[in-house]
Each structure stands twice: as C-alpha cells, then as structure tokens.
Amino acid sequence: MQIPLVWSLVLIVAAAWNLVVWPQFWRRVTKDPRARDDAGRPTRFYTVHAVLVGVSVLLAALVGVVGVLGLVG
C-alpha cells in the first residue's frame, strides 16, 4: 500500500489515541448510575454508549492496520 510516511504515522497515532481514550471512557460509562436501572438491567444510555465505543474501537483498529500497512508497504 502506497501512503506517504507522514500519513501512515498520523493514522497510527490516531489509532493509538482512540485505543487509549475509548476504553477509559467505557469504564466511566459502566460506573455511571444511568447505565443500569433499579433492577440492574442495562439502560439505553448503556446500550448507546456500548455501540459508540465498540464502533470507535473497531475503526481505530482498522485505521491502525492501514497505517502499519502504509509503513511496511
């Protein structure tokens, strides 16, 4: 894959940033009182944030792979 070195590094840094930030955010979401109802079941708050974090981490991983492929390709 032909990507300029600078762009490969930008993609890798962006991926690393997201892989550091989103899991920490997820820990805060799970501790938030709005995440569970009185019976302990997940609320919409929990579900929406689970999807948000899951998609963001997946995209971060894919961006990181593209960045690495740009470095080695």
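Nothing in this text is a laboratory measurement; each read-out follows from the coordinates by a stated rule. This one's a predicted model, so the numbers in the text were calculated from it and none came from an experiment. Neighbour counts run over all protein chains shown; Cβ positions are idealised from the backbone, glycine included.
For ALA39 and PHE25 in one chain, what is 0.36 nm times their gap in residues minus the Cα-Cα distance, to one decimal in nm? Walk me through the intermediate numbers first.
Details: separation 14, 0.36 × 14 = 5.04 nm, distance 2.36 nm.
Length gained between ALA39 and PHE25: 2.7 nm.
Given a Förster radius of 22 Å and the C-beta distance between TRP7 and LEU58 as r, what FRET efficiency does 1/(1 + (r/R0)^6) yield to the nearest 0.05? Before the final figure, lay out each step's value.
Values: r = 21 Å, r/R0 = 0.94.
Efficiency computed from Cβ-Cβ geometry: 0.60.
With a cap of 12 neighbouring Cβ atoms within 10 Å, and only residues DSSP puts in a loop, list the chymotrypsin sites (Phe, Trp or Tyr not before Pro) found in the range 1-44. Write down the numbers at each step before the final one.
On the way: sites: TRP7, TRP17, PHE25, TRP26; in loops: none.
Counting only loop positions with at most 12 other Cβ atoms within 10 Å, none of the chymotrypsin sites (Phe, Trp or Tyr not before Pro) in the range 1-44 qualifies.
Using just the alpha carbons, could you tell me how many Å³ per residue the convex hull of the chain encloses?
67
If amide H atoms are built 1.01 Å from N in the plane of the peptide, which residues on other chains or at least 5 residues away come under 5 Å of the amide H of ARG36?
Placed amide hydrogens put THR43 under 5 Å from ARG36.
What angle do you read, to the nearest 10 degrees and between 0 and 90, between the alpha-carbon axis of helix 44-72 and the longest principal axis of the chain?
Tilt of helix 44-72: around 10 degrees.
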